[in-house]
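The values are calculated or read from the model by the stated rules, or taken from the named source; none is laboratory data. Predicted, not measured: the structure shown is a model, and the values here were computed from it. Here the Cβ positions follow ideal geometry from the backbone for every residue, glycine too, while neighbour counts run over all protein chains shown.
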Amino acid sequence: MAGRLMPVRAEHDRTVLAGLLGADPVLHAYQLGDLDDFFWPYTSWFRRGDQVALLYHGADPPTLLAFAAPARLGDAAALLGELAPVLPARLYAHLSPGLESALEPAFDVDGAGAHHKMALTDPARLSRVAGAGEPLGVADLPQLRALYDAAYPGNWFDPRMLETGQYLGVREGGELVAVAGVHVWSPAYRVAALGNVTTHPRVRGRGLGTAVVAALCRRLRAHVTHVTLNVRADNTPALRLYERLGFTRVADYGEYALTARR
């Protein structure tokens with residue numbers, strides 16, 4: 001049946017994309033969020049049958065997102081194989097395990113590690129944690145950058161995300177020492193993805209990270225149905241924190257750096 005699917009083509013209809021991605025909103029939370037007006041101008045979408053790939057231009061280099069349930073990996077691989085010739089010469093990719101092989105004929109693929117997708121499936125656990133944190137805005141950007149430099153160097157942070165109002169921070173002595181924010185925030189599509197969560201090394205071990213994440217999750221749940229996140233598979237402290245707050249692992253994926261073969 002896969003051989004009778006239409007060739008890959010660009011897709012510009014958000015309603016169509018929302019219908020396809022909404023069949024598994026947790027797996028596709030990042031892509032659903034990128035249908036929002038806030039992100040849409042930075043996206044290019046491709047589909048082959050009911051399989052969808054997103055090329056997000058809001059980062060340098062661009063990032064390709066393609067996820068599929070295990071039973072549909074063959075169809076997703078066919079999409080990527082046909083898409084490869086029109087992709088940028090340099091890009092990152094977030095892919096369900098095994099899909100990277102579809103791009104290897106055209107790209108040198110450098111794996112950056114295994115990751116888990118997690119979703120908040122037991123929100124009752126949030127009530128066991130005292131939340132902390134106050135909303136951050138654009139005026140807090142210098143302190144936020146200083147915290148990331150000290151505690152989370154090399155993280156991907158888009159300052160525009162502060163405009164969502166979904167960043168919370170904890171201060172001590174006027175200094176920002178813990179933060180939790182979002183990579184994706186879309187009340188329209190009922191999804192959010194946590195991101196840029198960190199605590200200053202000087203105050204770790206005191207529960208500030210847990211408290212600010214709990215407060216943010218409660219805030220997000222007032223507006224969305226699915227609260228998700230991505231985390232490195234080897235980040236044991238983060239995995240324990242999220243599990244304690246009611247998150248469970250729902251899928252795996254890999255992150256890759258791709259460079260076109262000459």
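Assorted remarks:
To keep it simple, each residue is scored yes or no on (1) surrounded by 20 or more Cβ atoms within 10 Å (Cβ to Cβ); (2) within 23 Å of residue 183 (Cα to Cα); (3) among the aliphatic types (A, V, I, L, M); (4) touching a strand residue (DSSP E or B) at 6+ places or on another chain (Cβ under 9 Å).
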position: 34; (1), (2), (3), (4): yes, yes, no, yes
position: 39; (1), (2), (3), (4): yes, yes, no, yes
position: 42; (1), (2), (3), (4): no, yes, no, yes
position: 45; (1), (2), (3), (4): yes, yes, no, yes
position: 50; (1), (2), (3), (4): no, no, no, no
position: 53; (1), (2), (3), (4): yes, yes, yes, yes
position: 61; (1), (2), (3), (4): no, yes, no, yes
position: 66; (1), (2), (3), (4): yes, yes, yes, yes
position: 71; (1), (2), (3), (4): no, no, yes, no
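- Criterion (of a type in the set (D, E, K, R) and either in the same structural domain as residue 67 (by TED's automatic domain parsing) or within 30 Å of residue 73 (Cβ to Cβ) (or both)) met by exactly one of 172, 104: 104
- Restricting segment 21-50 to residues that are in a loop (DSSP other than H, G, I, E, B) and among the charged types (D, E, K, R), the residue that is farthest from residue 70 (Cα to Cα) is 37.
- Residue match in segment 176-188 (condition: surrounded by fewer than 18 Cβ atoms within 10 Å (Cβ to Cβ) and in contact (Cβ under 8 Å) with a residue 40 or more places away in the chain): yes
- Any pair with Cβ under 9 angstrom, 6 or more apart, that starts in segment 36-48 at a residue that is farther than 24 Å from residue 78 by Cα and ends at one that is in a loop (DSSP other than H, G, I, E, B) and hydrophobic (A, V, I, L, M, F, W, C): 36/188; 37/188; 42/59
- Counting only residues that are surrounded by fewer than 15 Cβ atoms within 10 Å (Cβ to Cβ) and in a strand (DSSP E or B), segment 240-258 holds 2 of them.
- Residues in segment 163-173 that are closer than 18 Å to residue 34 by Cβ and either of a type in the set (Gly, Ala, Ser) or surrounded by 15 or more Cβ atoms within 10 Å (Cβ to Cβ) (or both): 164, 166.
- Tally of residues being assigned to a helix (DSSP H, G or I) and crowded, with 19+ Cβ neighbours inside 10 Å across segment 85-102: 3
- Index of the failed condition, residue 69 passing every other in (1) in the same structural domain as residue 195 (by TED's automatic domain parsing); (2) over 23 Å from residue 238 (Cα atoms); (3) under 18 Å from the mean Cα position of the chain (by Cα); (4) not aromatic (Phe, Trp, Tyr): (1)
- Residue that is assigned to a helix (DSSP H, G or I) and over 14 Å from the mean Cα position of the chain (by Cα), where the choices are 53, 77: 77
- Only listed residue being of a type outside the set (A, V, I, L, M) and touching a helix residue (DSSP H, G or I) at 6+ places or on another chain (Cβ under 7 Å), chosen from 42, 56: 56
- Residue that is nearest to the chain's Cα centre (by Cα), among those in segment 105-136 that are loosely packed, with under 13 Cβ neighbours inside 10 Å and part of a loop (DSSP other than H, G, I, E, B): 122
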